[in-house]
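The next block holds one structure in the form of structure tokens; read it before the comments.
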Amino acid sequence: MEHTKHIWRAAFLLIAVLTFVIVGRHFLVPKSFGQAGYYRYDALFEHMDKEPRHGAPDACADCHDDIAAAKASGKHAPVQCEVCHDVLSSHIKDGDKFADMRINRNWELCAYCHQRLVGRPALIAQVDIREHLELASGQAIPAEACVQCHDKDAIHHP
Amino acid sequence: MCERSENKGVGRRDFLRLAAKGAGGMALVMVGGGHSLVSANAVREGGADRRGPMEYDPSSHRYLYVIDIDKCIGCGSCVRACERENDVPKHFFRTWIERYQVSRTGEVFVDSPNGGHDSFEPSETGADISKAFFVPKLCNHCDSTPCVQLCPVGASFVSPEGVVLVDDKRCIGCSYCVQGCPYGSRFIHPTTHTASKCTLCYHRLVRGETTACVQNCPTGARMLGDARSLGDKVAEIVATSKVHVLKPELHTEPKCFYVNASREVR
């Protein structure tokens, strides 16, 4: 019976290791890990909780119904207001205006879509900006070049 | 000493060593193996555990993304919308546009200045360009994705809808996934130092809205569909047209499909 103490030692060691693993695992493996796969399930809900910045496609029409209606019957109908302005959340909080909406009058905005480019499909009207503005070579493009002729009504309803 | 231990078969020290190894092995099995059991059940129950901002069942959606190259005008509205929606840092991209210009002799010129964020300048290749087109790119949300397999801490994962996401509380920023992605769609965020990528605007999807890039595309070149929604038009495109995926030879099974893609597109 002199060997029983060896068994006790081994058993003690085993229990110690198991306790260490179980306790260690409790602290190291985050809550909800493995609930739906090899990842922290709560991470999914953290992604969900993020607030959208862009509004729904008709969000601006709630308050700017005149402009929205004009745009809907013009060629810029497929262009979202937020593309030319900014996101809804920069302008509206809890259903009310809290900050000015960006108005971008820079020619570069129009050029993003209307600059003539090799490879740009014909479905969009394209102009060579310098030619269209009849600029002499070397002359810089004025910042608000396009809105001089294409005014706001023309832009919202081209 | 030596003789005695030989006689007894296994000595005390050896026994302890073996016991320690056995316990260690068991621990590994418990830590590693336990999850697969739980996961199988959770998935089978199909989101019985519903949380989040509203009634939304992840397992009843399967999102598909379709890009029609013939409709892309390379305006960069998607890149700018993504930046605004997701706080993408300057000069990093969750989605970007490449311009392909192919000459008659077969030379291929590809450029993507600032990811197409400010659209493109008229080209100066000097070559006889015989075809040219714009190719929007983003995470392909692969079904069999290398990035998730590479993650050593379980921070990259595929959601029940098939969206590839990063758990930034768990990510250690080792960038294995950044190197492992064959499509170059991940980067290490310069301030959080964790992996960042397209989430398919997950926060918008759960609210029934479409992604920022799709919503702000002026020509409908980008489309988002749901294969689990009956009569979905975009799912119908994937089912009925000649769609192409990027790098099919890698068998990553992308959920991003290209219509009218030329063979030069990689």
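The values are calculated or read from the model by the stated rules, or taken from the named source; none is laboratory data. Being a predicted model, the structure only gives us computed values, none of them experimental. All Cβ positions, glycine included, derive from the backbone under ideal geometry; neighbour counts span all protein chains shown. Protein only, heavy atoms only, side chains kept; ligands, DNA and RNA dropped before computing areas. Shrake-Rupley method; radii C 1.70, N 1.55, O 1.52, S 1.80 Å.
Stretching the chain fully between residue B:169 and residue B:239 yields a gain of 21.4 nm (0.36 nm per residue, less the alpha carbon separation). Split the accessible area of segment A:105-158 by element, probe 1.4 Å, and carbon with sulfur accounts for 54%. Could you tell me which of the pairs A:50/A:75; A:71/B:137; A:31/B:169; A:50/B:90 are separated by over 22 angstrom between their Cα atoms in the structure shown? Pairs exceeding the cut-off: A:50/A:75; A:71/B:137. Solvent exposure of the protein assembly as shown amounts to 55 Å² per residue of accessible area, where only protein heavy atoms count and the probe is 1.4 Å. Just the Kirkwood number for segment A:105-158, please: inverse of mean 1/r across all distinct Cα pairs, in Å, one decimal. This gives a value of 12.0 Å. Evaluated with a Cβ-only charge set (Lys, Arg +1; Asp, Glu -1), segment A:77-117 carries a dipole of roughly 180 debye about its Cα centre, given to the nearest 20. Among A:117, A:136, A:155, pick out the residue whose Cα is farthest towards the positive end of the charge dipole of segment A:105-158, where Lys and Arg carry +1 and Asp and Glu carry -1 on C-beta, about the Cα centre. Selected residue: A:117. Cross-link reach is defined here as a Cα-Cα straight distance under 22 Å, omitting same-chain residues fewer than 8 places apart; for residue A:5 the lysines meeting it are B:8, B:21.
Between residue A:42 and residue A:157, the FRET efficiency estimated from the beta carbon spacing at R0 = 35 angstrom works out to 0.15.
Each Lys and Arg Cβ is given +1 and each Asp and Glu Cβ -1; about its Cα centre, the protein assembly as shown then shows a dipole of about 2100 debye.
Basic side chains Lys and Arg get +1 at the Cβ, acidic Asp and Glu get -1 at the Cβ, and with that the dipole of chain A about its Cα centre reaches some 1080 debye. With a 10 Å cut-off between alpha carbons and a GNM built on chain A, which of A:15, A:92, A:124 moves the most? Checking each option, the largest mean-square fluctuation is seen for A:15. Distance between the C-alpha centres of segment B:59-80 and segment A:22-71: 20 Å, rounded to the whole angstrom.
Note on chain A: with a GNM built from Cα contacts shorter than 10 Å, the maximum mean-square fluctuation among A:111, A:43, A:59 falls on A:43. Within segment B:178-252, all pairs of alpha-carbon atoms sorted by distance into 5 Å bins from zero give the percentages 3, 12, 14, 19, 23, 17, 8, 3, 1. Taking only alpha carbon atoms, segment B:112-195 gives an Rg to Rh ratio of 1.11, where Rh is the Kirkwood radius. The equivalent ellipsoid of the protein assembly as shown has semi-axes of 55, 25, 19 Å, largest first, where each one is the square root of 5 times an eigenvalue of the Cα gyration tensor.
Projected over every direction and averaged, the convex hull enclosing the alpha-carbon atoms of segment A:4-48 yields 3.8 nm². Whole angstrom only: what separates the Cα centroid of segment B:214-245 from the Cα centroid of segment B:133-179? Between the Cα centres of segment B:214-245 and segment B:133-179 lies a distance of 22 Å. Note on chain A: with a GNM built from Cα contacts shorter than 10 Å, the maximum mean-square fluctuation among A:135, A:123, A:109 falls on A:123.
Placing a pseudo-label 7 Å from each Cα along the Cα-to-Cβ vector at residue A:22 and residue A:149 gives an inter-label distance of 8.2 nm.
Using only protein heavy atoms and a 1.4 angstrom probe, determine the accessible area buried between B and A, summed over both sides, in Å² to the nearest 100. For B against A, buried area totals roughly 5300 Å². Compactness of segment A:59-104 was expressed as the Cα radius of gyration divided by 2.2 N^0.38 Å, which yields 1.15. Relative to the globular-protein estimate of 2.2 N^0.38 Å, the Cα radius of gyration of chain A stands at 2.10.
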